[in-house]
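Presented below is the structure to which this report refers.
The values are calculated or read from the model by the stated rules, or taken from the named source; none is laboratory data. Keep in mind that this is a model prediction, so the values were computed, not measured. Virtual Cβ from ideal backbone geometry, glycine too; neighbours counted across all protein chains shown. With ligands, DNA and RNA removed, areas are computed over all heavy atoms of the protein, side chains included. Shrake-Rupley method; radii C 1.70, N 1.55, O 1.52, S 1.80 Å.
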Amino acid sequence: QGGEEGAGPGGSGGEMGGGSSFGAGGGEELIRQPKILLETDNLSGKELAAGGEEELKAAFRNCSASQSLYNLKVSASVEGSGLRLSKNSFYVAAAAPGESILLETGLSVAANAACGEHPVVFEFEYEDKKGNLLSGRETVVLSVRQPVELECLTGEIPQVLYASDTLELFVRACNVSLGQVFNVRASLSAEGLFPDGEVFVGNLEAGAAGEGTMRIYVGNRAME
């Protein structure tokens, strides 16, 4: 998480050309313009389940030690598709030096939201005590996960098996979830049947399938 500090026209880092004024004695008064930074949020580092709903809470602070800020407007947006905020704009009349600003909004995650990171961008517009217009930007990065769904298809096992026989079983795994799955393996556990190991299918993209063959030794029910 992180963002860009406020920047107004005519200056960099949020300090504008009009950031200074002259006192009655002709001396120059330097005004350090207030800046807003993201401090904490409650969803960074948490995997959000597709199809769910959350409450996003983000705390920002006026980091100036001496300057208040005024007429703060915050616009929030999600980059990419699949996530929707219930509230996209906020207004704060004033924030004193060092004051914390808490913003809250509902967050809906679509069932078909893509796996991975989804940045939520907060854009700021506000004024200093001289009425100079300032701006800033901070970002919260959210992570979405899709449920893993696999289908396993196998060849038929004969109804009658004889001890000491060896049979080969065809195995096919299909990834029917919306995200990639990794290190797919198929194993067999059955009384009297002893496979020579797992079938390693590997990584499967969404909608992809992989297959392999399992060699199985037929024992008897007393064998372990």
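Considering each residue of the stretch 179-224, count those that are under 30 Å from E117 (Cβ atoms) and in a strand (DSSP E or B), and give that number.
12
Considering the stretch 49-63 alone, what residues qualify as being surrounded by 13 or more Cβ atoms within 10 Å (Cβ to Cβ) and at pLDDT 95 or above?
If the condition is that a residue be surrounded by 13 or more Cβ atoms within 10 Å (Cβ to Cβ) and at pLDDT 95 or above, then E54, L56, K57, A58, A59, F60, R61, N62, C63 are the ones that fit.
Could you tell me how many of the residues in the stretch 169-184 are of a type in the set (S, T, N, Q) and either touching a Gly at 6+ places or on another chain (Cβ under 7 Å) or surrounded by fewer than 14 Cβ atoms within 10 Å (Cβ to Cβ) (or both)?
Total satisfying the criteria: 2.
Under 30 Å from G179 (Cβ atoms), in contact (Cβ under 8 Å) with a residue 12 or more places away in the chain and surrounded by 14 or more Cβ atoms within 10 Å (Cβ to Cβ): which single residue out of L43, L69 fits that description?
From the options L43, L69, the qualifying one is L43.
Go over the candidates L153, L103 one by one and state the one that is modelled with pLDDT of 95 or more, of a type outside the set (G, A, S) and either buried (at least 17 other Cβ atoms within 10 Å of the Cβ) or in a strand (DSSP E or B) (or both).
L103
Of everything in the stretch 196-216 that's free of Cβ contacts under 8 Å to residues at least 24 places away in the same chain and open to solvent by less than 70 Å² (accessible area, probe 1.4 Å), which residue is nearest to the chain's Cα centre (by Cα)?
G202
Return yes or no: is L169 of a type in the set (A, V, I, L, M, F, W, C), over 23 Å from P147 (Cβ atoms), in contact (Cβ under 8 Å) with a residue 40 or more places away in the chain and out of contact with any helix residue (DSSP H, G or I) (no Cβ under 9 Å at 6 or more places or on another chain)?
Yes.
Could you tell me whether the stretch 171-181 includes any residue that is more than 34 Å from the chain's Cα centre (by Cα) and small (G, A, S)?
Scanning the stretch 171-181 turns up no residue that is more than 34 Å from the chain's Cα centre (by Cα) and small (G, A, S).
Which is modelled with pLDDT of 95 or more and either touching a Pro at 6+ places or on another chain (Cβ under 8 Å) or buried (at least 17 other Cβ atoms within 10 Å of the Cβ) (or both), of V121, V140, V144?
V140
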